[in-house]
Amino acid sequence: MELNPRDIVPEFWYNIIPDLPRPLPPPRDPPGADFSRIDLLRDIMPQEVLRQQFTVERFVKIPEEVRDRYLNIGRPTPLLRARKLEEKLRTPARIYFKYEGATPTGSHKINAAIPQAYYAQAEGISAVTTETGAGQWGTAVALAASMFGLKSSVFMVRVSYEQKPMRKTIMNLYGADVYASPTNFTEAGKRALSRDPNHPGSLGIAMSEAVEYALKQRWKYLVGSVLDVVLLYQSVIGLETSTQLEAVGEEPDVLIGCVGGGSNFGGFAFPFLGHGTKARLIAVGPAEVPKFSSGKYEYDYPDEAGLLPMIKMLTLGREYVPPPIYAGGLRYHGVAPSLSLLMQEGRVEWREYEEPEIFEAAKLFSETQGIVPAPESAHAVKAVVDEAMRAKRDGERRTIAFNLSGHGLLDLSNYESMMKRFKS
Ligand SMILES: Cc1ncc(COP(=O)(O)O)c(C=O)c1O
């Protein structure tokens, strides 16, 4: 059945919160706090975004202006069948991928940037800040800000800033100012630099810098992952996928996505839970940042400096400095609260893979499907390959759907290094 784009892009975002198997522990201020982090959210977030962060409604209306922008950037993104990969693996499994790399900024991140920039502009705000790891979120904010006539400043984790100079160029082209974090113009940045003048940076530190800067400048801070509201905005991915799969008469048996803070995974997989799916859900992360296997489920800060409210999540601790792996967007200490809860409940399985395995999976996908996945997304690809081989062993025609969260065309220098290091 041929579908019109307007029939696929949803009119409502899906919110997992009321459908969780038990109530989500709420964000809270630390005991004996010197100031209220929850009050601080009111200062740094657009009001409507903050309201939606705490909503318990199952569906939230997507404003027409936002839906128009989604259509404008090419949503719905394609749902493709990875036939050549299936053939290469000689698997009976049918593999589908949602290709978020087809957006202008090359990843899913734009889905959450557009509504936040829209609400900021609607509330009379003139400028926004954010942090970025691999550069994907920063690029999305830079574009969304320029769409709505806002100025933007992006704190980019230093290792990525150095590894991916072209990301900075794109952000500059969209009109954003980009700084290598840690910088010396925030207290959080200065503290990190005093510990190590060559600090590689981390998403947690860059987040603290962006929040502090927003406060100082009286701008708004746009949040790229982890918080419930970001997973809400990203639900557009899973809602579209569900309609697209239905149109080809498929129901997924396995749903797979990679996890940095959890936004593409949650956005992709949670709407299926809302439909009561029986599919297995598999979250994938790097073995080098072992938050699934070694993280504790406890209240922790999402940012390194502890400016944001504490949230209950799987965490390696806010001061954990992840090693400089190529998948910069997965270098984060925590997992979104709703996803953490579902992992605790055993509803979501996890896998952790090492870089050489990720590289092999990325190469296989590139060779067979012609799309170079972002190193972050290559984590999902590796789990897909394993699941396809498992279906082969079991002799079952399972339907595996995964989110290819971004392309890797701006990660080619990373791939070149990987090719030298991991060549078998
Ligand atoms: C392509 C891509 N995939 C995945 C992620 C991980 O983030 P999240 O878990 O919020 O989707 C990132 C983060 O920058 C990314 O750039």
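Readers should treat all values here as calculations from the given coordinates under stated rules, not as data from a laboratory. In this text, all values refer to a predicted model and were calculated from it rather than measured experimentally. In this analysis, Cβ positions are derived from the backbone assuming ideal geometry, glycine residues included, and neighbour counts consider all displayed protein chains.
Structural remarks
- Screening the chain for whole DSSP H helices with an alpha carbon extent of at least 27 angstrom along the helix axis and a mean Kyte-Doolittle hydropathy of at least 0.5 yields 228-247.
- Eligible aspartates and glutamates near residue 392 by straight Cα distance, threshold 18 Å, same-chain separation 8 or greater: 86, 87, 253
- Near residue 30, once Lys and Arg are set to +1 and Asp and Glu to -1 for all other residues with Cβ below 15 Å from its Cβ, the sum equals -4.
- Pairwise centroid distance, computed over Cα atoms, of the range 83-133 with the range 305-355, Å: 19 Å
- If you take all other residues with their beta carbon under 12 Å from the beta carbon of residue 311, and give Lys and Arg +1 and Asp and Glu -1, the sum is -1.
- For residue 346, the shell of other residues with beta-carbons less than 13 Å away shows a net charge of +1, using +1 for Lys and Arg and -1 for Asp and Glu.
- Shape class for the range 110-212: prolate, because the ratio a/c of the largest to smallest gyration tensor axis (alpha-carbon atoms, square roots of eigenvalues) is 1.5 or more and a/b beats b/c.
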